[in-house]
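Everything below concerns the one structure shown next.
The values are calculated or read from the model by the stated rules, or taken from the named source; none is laboratory data. Since the model is a prediction, treat every value here as computed from it, not as a measurement. Neighbour counts are summed over all protein chains in view; Cβ atoms, including those assigned to glycine, are modelled from backbone coordinates with ideal geometry.
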Amino acid sequence: MIVAIDGPAGAGKSTVARTVARRLGVAYLDTGAMYRAITWLARERAVAPSDAAALAALARDFPIEIEPTDDGDRVRVDGRDVTREIRMPEVAADVSEVSAHPGVRDEVVAAQRALLAEGSWVSDGRDVGSVVCPHADVKVFLTATLEERARRRRADLARRGVEVDEATILEDVRRRDHLDSTRATSPLRVAEGAIVIDSSDLEADDVADLVVQLVRDLGDGSV
Ligand code: DC
């Protein structure tokens with residue numbers, strides 16, 4: 001059983017996906033973490049975010065290890081635990097450009113499909129329901145207004161001790177929206193059969209309730 005939750009940055013996907021996975025007792029795969037890990041590795045090795053061939057080679061030669069834990073996914077690449085590092089603003093600044101290269105996506109999508117082929121999962125990202133797993137049992141497109149997503153992102157960074165002004169965050173979220181939805185390969189879009197949920201006025205728990213209900217409504221006893 002696969003639940004795919006896609007949507008733009010800051011819509012609350014990871015909080016909702018993690019909650020749904022916990023309630024259903026299944027694993028959670030954060031697909032964005034894999035693109036972030038490649039981006040982190042590229043920075044370490046001084047590979048430019050525009051260097052498509054070198055980035056695809058990194059994605060091919062350094063498999064990303066994902067270990068689902070109660071605390072979220074642990075991410076390892078090149079023998080290093082980069083779970084924290086991949087959340088840093090420097091990685092966030094480059095990840096949209098890195099993840100737009102078709103050669104990078106081919107490698108990462110293949111790895112994601114291999115993981116999702118076994119067992120039951122909740123997975124979130126931009127293209128889980130449209131490209132990685134078009135046969136997912138439940139597909140959700142989770143969105144919220146630009147202002148609300150920027151507000152959440154700022155609060156999230158503040159919790160981690162990173163203060164960024166409102167205008168900078170708004171611009172960053174707007175820029176990532178644009179890059180993610182206009183790229184040629186697997187742009188962010190509502191997958192066929194996806195249910196659109198606007199979380200602007202909803203708490204993450206309420207959204208999780210809605211998604212869990214969609215799974216229960218399948219009624220096939222798969223969870
Ligand atoms: O969800 P996130 O912010 O951690 O994602 C980081 C970047 O990775 C995001 O800018 C777009 C990209 N991404 C993607 O292209 N496809 C996915 N399935 C998940 C993320």
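Of the residues screened, Ser50 is not one that is of a type in the set (S, T, N, Q), under 27 Å from Leu214 (Cβ atoms), surrounded by fewer than 23 Cβ atoms within 10 Å (Cβ to Cβ) and over 16 Å from the mean Cα position of the chain (by Cα).
Within the range 116-146, the set of residues being more than 16 Å from the ligand (Cβ to nearest atom), among the charged types (D, E, K, R) and modelled with pLDDT of 95 or more comprises just one member, Asp137.
Of all residues in the range 1-60, those satisfying the criterion of being of a type in the set (S, T, N, Q) and within 15 Å of the ligand (Cβ to nearest atom) are Ser14, Thr15, Thr31, Thr39.
Contact map, the range 29-57: residues that are within 30 Å of Arg18 (Cα to Cα) paired with residues that are hydroxyl-bearing (Ser, Thr, Tyr), Cβ distance under 7 Å, separation 6+ or inter-chain. Pairs shown: Leu29/Ser123; Asp30/Ser14; Thr31/Ser123; Tyr35/Ser99.
Return the residue satisfying two criteria in turn: it lies in the range 68-95 and is assigned to a helix (DSSP H, G or I) and modelled with pLDDT of 90 or more, and of such residues it is nearest to the ligand (Cβ to nearest atom). Let's see the steps before the verdict.
Just the residues of the range 68-95 that are assigned to a helix (DSSP H, G or I), to begin with: 85-87, 89-95.
Next cut, modelled with pLDDT of 90 or more only: 85-86, 90-91, 94-95.
On the way: Glu85: 13, Ile86: 8, Glu90: 13, Val91: 9, Asp94: 9, Val95: 4 Å.
Only one residue tops the list, namely Val95.
Taking the condition more than 9 Å from the ligand (Cβ to nearest atom), within 17 Å of Arg18 (Cβ to Cβ) and either of a type in the set (Phe, Trp, Tyr) or surrounded by fewer than 17 Cβ atoms within 10 Å (Cβ to Cβ) (or both), does Arg160 pass?
Numbers: more than 9 Å from the ligand (Cβ to nearest atom): yes; within 17 Å of Arg18 (Cβ to Cβ): yes; either of a type in the set (Phe, Trp, Tyr) or surrounded by fewer than 17 Cβ atoms within 10 Å (Cβ to Cβ) (or both): yes.
Judged against the criteria, Arg160 is a match.
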